[in-house]
Amino acid sequence: MSSTEITTLIGPGSRFEGRLVFEGVVRIEGELRGEVKSDDTLVVAEGAQVHAEIEVGTCIVQGGAVFGNIRAHRAIEVRAPAQVVGNLQAPQISIEKGVQFEGQCQLG
């Protein structure tokens, strides 16, 4: 299994509420509300709606919307046309031109 192979998918039209704890790569294309914890990778796809406090190894927001704070142990990538309302904390943070971002960034 490669490090980018998706191990779990919350697909379009799906809704998850609660605490999500996982290993591997989780891709969200639907709606998630609650809390996310992992040492691995979370991918928020275009069209996804995430209302959660997120603490993961790596978080990649590929055009979806995240409402809540994101803390990553390795990196956070936010790609257009994503929307993020919340604070970001990670050793590496990248935000593309065209992203709607409201919050603060903390490196480290």
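List every residue whose amide H lies under 5 Å from the amide H of Val61, counting only residues 5 or more places away in sequence or on a different chain, with H placed 1.01 Å from N in the peptide plane.
So Val61 has HN proximity to Val44, Glu77, Val78, Arg79.
Quick one: length gained pulling Thr7 to Lys97 fully straight, 0.36 nm per residue minus the C-alpha distance?
29.5 nm
Would you work out which of Gln83, Gly34, Ile95 lies farthest towards the positive end of the dipole of the range 28-108, given +1 charges on the beta-carbon of Lys and Arg and -1 on that of Asp and Glu, about the Cα centre?
Ile95
Whole-Å semi-axes of the chain's equivalent ellipsoid, largest first, each the root of 5 times a Cα gyration tensor eigenvalue?
Each semi-axis is √(5λ); the values are 18, 16, 13 Å.
Cβ neighbours within 10 Å, averaged per peptide: list 26-32, 85-91, 14-20 in order, most packed at the top.
Answer by packing, highest mean first, reads 26-32, 85-91, 14-20.
Give, in nm to one decimal, the length gained when the segment between Gln106 and Asp40 is fully stretched (0.36 nm per residue of separation minus the Cα-Cα distance). Can you show the working numbers first?
Details: separation 66, 0.36 × 66 = 23.76 nm, distance 2.00 nm.
Full extension of this stretch gives 21.8 nm more.
Give me a comma-separated list of calculated 3J(HN,Hα) values for the range 25-35, in order, Karplus coefficients 6.51, -1.76, 1.60 applied at θ = phi - 60°, integers in Hz, x for any Gly or Pro.
Values, residue by residue: 10, 10, 10, 9, 10, x, 10, 9, 10, x, 9 Hz.
Treat each spin label as a single point 7 Å out from the Cα along the C-beta direction, and report the Phe16 to Arg71 distance in nm.
2.0 nm
Read the figures in this text as sums done on the coordinates, not as results from a lab. Please read all numbers here as calculations on a predicted model, not as lab measurements. All Cβ positions, glycine included, derive from the backbone under ideal geometry; neighbour counts span all protein chains shown.
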